[in-house]
1. If ligands, DNA and RNA are left out, what is the accessible area of Ile85 with a 1.4 Å probe, given in Å² to the nearest 10?
2. Considering only protein heavy atoms, what per residue accessible area in square angstrom results for the range 46-202 with a 1.4 angstrom probe?
3. Let me check something: with ligands and nucleic acids excluded, how do Asp138, Asp176 order by accessible area (1.4 Å probe), largest to smallest?
4. Of Thr171, Thr38, which has the most accessible area and how do the rest follow, probe 1.4 Å?
5. Please identify the longest segment of the chain free of exposed GluC sites (Glu not before Pro), where exposed means a DSSP state other than H, G, I, E or B and no more than 13 other Cβ atoms within 10 Å.
6. Counting only protein heavy atoms and a 1.4 Å probe, tell me what percentage of the range 24-163's accessible area is made up of carbon and sulfur.
7. Are any of the pairs Lys32/Lys179; Lys126/Lys179; Lys13/Lys69 more than 24 Å apart by Cα-Cα distance, and if so, which?
8. Okay, helix-only estimate at 222 nm for the chain: each DSSP H run of n ≥ 4 adds -39500 (n - 2.57), divide by all residues, round to 500 deg cm²/dmol; what do you get?
Amino acid sequence: MLFDFNSLSANQKYHLITQTITPRPIAWILTKNESGNTNLAPFSYFNALGSDPALLVVSIGNKSETIGKDTKVNLLREKECVLHIPSESLAEAVNFSAVTLNYGESEPDSYPLELIEFTDSLPRIKDAKIALHCQLYDVHPIGNSSFEAFYLEVISLYADDDMVTQEGKHTFINSDILKPLGRLGGNDFSAFGGKITIKRPS
């Protein structure tokens, strides 16, 4: 079957893209709300972009026509975030954090998730095996949509000691221990050798 994107709505394009460009890595992004507590949300329009500078790109849309997602609002104000790469053991927590809360409500407090000191201004999720402290590098609007491409520069990276080995100048991260969670279409996530189906919260 051939799909002509010129004849499809944005929603139809979204569903085709998210069910075919798979699995997608998940950026589980923690930012600071204006009140000082933390916001946490997953994004799968995400990937690495370059190494020097070390850049990641995340596409973030709006809650509504005029209100940006909390992560977008916080990133534009604070210019930094902690981006986690979640393991499959955190699938339920990742799925919960996709729920739409009122601005200022904290997903880590609501789940709850334990936070641990990381940077001078932001914590990280204790149970996440990978956490990257990122600063906002640039922002580009995407077409006529509410989505914007956020370019994030990696300042530092935390990895659990049990995953890390060093051989000469090379560092290796054990993916068998990380077991990264990926995103498929609909309610499906990719596990490290299987599939997990979790209904998205309303």
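The values are calculated or read from the model by the stated rules, or taken from the named source; none is laboratory data. Keep in mind that what you see is a predicted model, and the values were worked out from it rather than measured. Glycine also receives a Cβ, built like all others from the backbone with ideal geometry; neighbour counts cover every protein chain displayed. To get the accessible areas, we keep the full protein, side chains included, count just its heavy atoms, and leave off ligands, DNA and RNA. Shrake-Rupley method; radii C 1.70, N 1.55, O 1.52, S 1.80 Å.
1. Answer for Ile85: close to 40 Å² accessible.
2. Numbers: 8620 Å² over 157 residues.
Per-residue accessible area for the range 46-202 comes out at 55 Å².
3. Correct descending sequence by accessible area is Asp176, Asp138.
4. Working: Thr171 80, Thr38 15 Å².
Largest accessible area first, the residues go Thr171, Thr38.
5. Working: sites that count: Glu34, Glu65, Glu114.
That would be 115-202.
6. Numbers: 3170 of 6580 Å².
In the range 24-163, the share of accessible area belonging to carbon and sulfur is 48 percent.
7. Details: Lys32/Lys179 27 Å; Lys126/Lys179 16 Å; Lys13/Lys69 21 Å.
Cα-Cα > 24 Å for Lys32/Lys179; rest within.
8. Working: 5 runs with 34 residues, N = 202.
Taken over the chain, the calculation gives -4000 deg cm²/dmol.
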